[in-house]
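Any read-out appearing in this document is the output of simple, stated calculations on the displayed coordinates, not a laboratory observation. Small disclaimer: the values here were computed from a predicted structure and weren't measured. All Cβ positions, glycine included, derive from the backbone under ideal geometry; neighbour counts span all protein chains shown.
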Amino acid sequence: MAASPVSLLLFSTAYRYYSEVTMVKVAVMLADGVEESEAIVVIDLLRRSSDIFSVTTFSIMGHKEIHSSHGITFMADELFDEDMISGYDMIFLPGGGVGTKNLNAFMPLRAMLQQFANDGKTLAAICAAPFVLYSAGVLDGKQFTCYPGFEDKIDNGGSFRPDLPVVQDGEIFTSRGMGTAIDLGLALTMHFGGTTAAWKMYDQIVYMNTDYRNRID
């Protein structure tokens with residue numbers, strides 16, 4: 001017997017509601033001077049796992065047009081909005097020297113990072129951007145990694161791990177730089193989607209890093 005239009009409508013509505021409820025909402029913070037590859041690679045990997053993540057980019061610059069550290073211009077999805085972002089599950093901070101300075105100087109973001117940490121939500125930062133987490137006081141006592149040299153600026157009482165491309169300490173993820181952006185995207189995929197989702201992404205992008213394969217195993 002064919003399903004009635006009403007039952008199909010109810011199923012469709014329930015499926016959309018379930019998807020929206022269980023989706024991990026990720027807010028990516030963008031500023032002029034951002035290291036574009038660190039931003040785009042992680043965004044790309046998370047959006048490929050569209051059954052797990054819903055990703056929105058936010059500009060802190062007061063305009064959506066973002067000028068990257070290497071002269072590439074692209075558009076953020078939204079302007080920074082505290083009320084909107086407070087409903088998200090995770091904040092991701094890409095690096096870049098000037099981009100990190102701009103993120104660090106934006107006090108509304110600092111307050112939002114503190115709120116997320118207090119609520120037990122996920123924070124991720126790469127390259128120089130772990131310094132922004134440190135400035136917000138959410139990296140205190142945590143293991144972390146970052147771009148070489150920036151560890152000297154992060155006196156957090158924790159443990160610097162230069163031997164790892166990605167460090168997870170609780171709900172805080174840090175990563176070293178452009179060359180470890182794939183590792184960060186996969187680590188976040190595994191954290192929220194499990195090993196199967198990480199393996200699926202590993203194979204889909206033809207990632208040939210055997211060290212990462214061993215870490216999944």
Exercise. Considering only Gln168, Gln204, Gln115, give the residue with the highest GNM mean-square fluctuation for the chain, with springs between Cα atoms whenever their separation is below 10 Å.
Key: Gln204
Quiz prompt | Contact order normalised by residue count of the chain, Cα under 8 Å, 6+ apart, percent | solution = 18
Quiz item: What residues have an amide H closer than 5 Å to that of Val166, excluding those fewer than 5 places away on the same chain, when H is modeled at 1.01 Å from N in the peptide plane?
Solution: none
Self-check item: Helix-only CD estimate at 222 nm, as mean residue ellipticity for the chain, using -39500 (n - 2.57) per DSSP H run (n ≥ 4)
Solution: -13000 deg cm²/dmol
Exercise. Mind sorting out which of (1) 14.9; (2) 17.9; (3) 14.2 is the real mean projected area of the Cα convex hull in nm² computed from the coordinates?
Key: (3)
Self-check item: Using θ = phi - 60° and Karplus 6.51 cos²θ - 1.76 cosθ + 1.60, couplings along region 189-195 (whole Hz; Gly, Pro as x)
Solution: 4, 5, 4, 9, x, x, 4
Exercise. Report, in degrees rounded to the nearest 10, the 0 to 90 angle that the Cα long axis of helix 36-48 makes with the longest principal axis of the chain.
Key: 20
Self-check item: Angle between the chain longest axis and helix 107-118 axis [Cα atoms, degrees, rounded to 10]
Solution: 70
Quiz item: Long-range amide H contacts for Ala125: which residues qualify at under 5 Å (H placed 1.01 Å from N, peptide plane, sequence gap of 5 or more or a different chain)?
Solution: Leu93, Phe173, Thr174, Ser175
Quiz item: Kirkwood hydrodynamic radius of region 57-140 from all distinct Cα pairs, in Å?
Solution: 13.1
Self-check item: Ile205-Ala111 pseudo-label distance in nm [points 7 Å out on the Cα-to-Cβ vector]
Solution: 3.4
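Hey, with R₀ at 41 Å, roughly what FRET efficiency would Asp155 and Asp77 work out to, going by the Cβ-Cβ distance, to 0.05?
Details: r = 35 Å, r/R0 = 0.85.
With a Förster radius of 41 Å, E is 0.70.
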Quiz item: Going by alpha carbons, how many degrees (0 to 90, nearest 10) lie between the helix axis of 5-22 and the longest principal axis of the chain?
Solution: 10
